[in-house]
Amino acid sequence: MIFDPEKLGWRSFFQDQITPDEASDGWQPARVCQGKARRCHVWSAHGTHALAINLFGDKGLPAVGDWLLLDPTKAQRPRRLQRFSALTRKAPGSRFATQVLAANVDTLLIVTACNQEFNVGRIERYLALAAEAQIRPVLVLTKADLTNPEIFVQQARTLGEHLQIECLDTRDPYQLEPLRKLCGPGQTVAALGSSGVGKSTLINALTGLSGEAAQPVGEARADDNKGKHTTTSRSLHHLPAGGVLVDLPGIRELQLTEAADGIDDIFTEITALITDCRFTNCRHTSEPGCAIAAALADGKLNPRRWENYLKLQGEQKVYAKSKADLAKRDDKRPTKKITKHRLDDVDQY
């Protein structure tokens with residue numbers, strides 16, 4: 001593989017972060033292409049090699065899609081560059097911790113299927129995630145050949161007049177063309193969805209992989225046409241169009257972290273109505289002059305949209321409180337002794 005940083009997403013945003021000393025010393029860019037428990041694999045001018053996670057200390061841990069700077073002498077730790085975007089969620093099993101799913105993403109393919117897996121509320125959650133990260137969302141409806149897809153397309157159109165929706169049979173190359181246009185040189189596209197929606201099949205079609213190099217694809221169950229979960233780790237893949245694609249494991253739980261702006265962005269009709277309430281502290285229950293109650297009563301506001309908005313806002317409050325409580329406890333704890341990390345735990349490059 002010829003390492004071409006610009007095709008892989010390198011741009012002036014990252015170039016401007018290189019210090020004069022790093023430039024004169026020949027520090028080299030590398031992009032994280034896969035993450036493991038204790039190591040991350042990167043693409044660089046020296047091929048694909050691994051870096052120990054402990055080189056980054058407790059902060060600045062790399063995620064798939066991150067850009068790093070490597071000291072050619074290996075005398076200093078690699079440095080993770082600032083991200084222009086990050087897909088994040090609340091870490092499973094934690095009350096406050098944030099998990100970075102992928103970094104420096106331009107376009108998010110929200111993949112769902114034209115079957116029982118289709119869930120408008122879940123899609124709204126994905127859209128809020130993308131909006132908060134300022135990443136362009138594209139809704140991809142797969143398995144369109146197995147049913148009447150127009151029913152699902154009509155529901156998807158209620159999620160926003162500007163939302164790009166692609167309903168397709170991944171076996172038809174012609175239907176994939178709108179997605180290929182998003183995958184040009186320098187572009188990073190991430191594919192996110194629940195297990196069994198045909199995401200691996202879509203990725204194989206976009207990357208042109210087959211045989212042993214392809215992502216494994218599970219057989220669809222006969223009772224509901226749902227495929228089996230096959231992707232097990234986050235990884236970057238080269239695209240024939242010149243860009244890269246981030247494959248993410250099927251999401252079983254997606255709780256948002258700090259995404260208030262993203263939620264407001266996808267529920268614009270609700271945020272507009274709230275400003276029309278007579279009282280600024282309106283609780284939207286039985287207060288006089290409540291624009292929300294009036295819109296629900298006359299059918300101008302979809303009750304399902306309102307319920308999902310309240311649910312997401314409630315999660316925001318719980319997350320914020322848990323985070324604030326933890327910060328108070330941390331302020332009272334004694335400072336831990338910093339452990340030095342080995343700088344030679346790096347594969348040759």
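Count Lys and Arg as plus one, Asp and Glu as minus one, and take only other residues whose Cβ is under 13 Å from that of residue 311; the net charge is then +2. Diffusion coefficient of segment 12-80 by Stokes-Einstein, Kirkwood radius over Cα pairs, 25 °C, 0.890 mPa s: 200 µm²/s. The amide H of residue 235, built 1.01 Å from its N in the peptide plane, has 247 as neighbours under 5 Å, considering only residues 5 or more places off or on other chains.
Checking the Cα-Cα distances for 7/74; 7/311; 7/321; 181/321 against a 32 Å cut-off, the pairs over it are 7/311; 7/321; 181/321.
Label separation (residue 164 vs residue 23): 3.4 nm, computed from points 7 Å beyond Cα along the C-beta direction.
Remark on residue 101: its backbone amide H falls under 5 Å from those of 87, 88, 89, a criterion applied only to residues 5 or more positions apart or on other chains, H modelled at 1.01 Å from N. Full extension of the chain between residue 99 and residue 268 gives 58.1 nm of extra length, using 0.36 nm per residue less the Cα-Cα distance. What the pair-distance distribution of segment 267-324 shows, using all Cα-Cα distances binned every 10 Å from zero, is 22, 49, 24, 5 percent.
Given 0.36 nm per residue, what is the gain on full extension from residue 119 to residue 48 after removing their alpha carbon distance, in nm? Provide the component values of the computation, followed by the final result.
Details: separation 71, 0.36 × 71 = 25.56 nm, distance 3.86 nm.
Full extension of this stretch gives 21.7 nm more.
If you plug the beta carbon distance of residue 278 and residue 147 into 1/(1 + (r/R0)^6) with R0 = 41 Å, you get a FRET efficiency near 0.35.
For segment 1-20 versus segment 115-131, the inter-centroid distance based on Cα atoms is 33 Å.
Listed highest first by mean packing, meaning other Cβ atoms within 10 Å per residue, what order do 121-132, 176-187, 151-162 come in? Working shown, then result.
Numbers: 121-132: 21.7, 176-187: 16.6, 151-162: 13.7.
Going by the mean number of other Cβ atoms within 10 Å, highest first, we get 121-132, 176-187, 151-162.
Using r as the Cβ-Cβ distance of residue 302 and residue 172, and R0 as 30 Å, what FRET efficiency do you calculate, to the nearest 0.05?
The formula returns an efficiency of 0.35 here.
If R0 is 56 Å, the Cβ-Cβ spacing of residue 155 and residue 4 corresponds to a FRET efficiency of close to 0.85. Using θ = phi - 60° in the Karplus curve 6.51 cos²θ - 1.76 cosθ + 1.60, the 3J(HN,Hα) couplings for segment 139-150 round to 8, 10, 9, 9, 6, 5, 7, 9, 7, 8, x, 4 Hz; x is entered for Gly and Pro.
Full extension of the chain between residue 76 and residue 233 gives 53.7 nm of extra length, using 0.36 nm per residue less the Cα-Cα distance.
Each reported figure results from applying straightforward, stated rules to the coordinates on display, with no laboratory input. Please read all numbers here as calculations on a predicted model, not as lab measurements. Methodologically, a virtual Cβ is constructed for each residue, glycine included, from the backbone with ideal geometry; neighbour enumeration extends over all protein chains shown.
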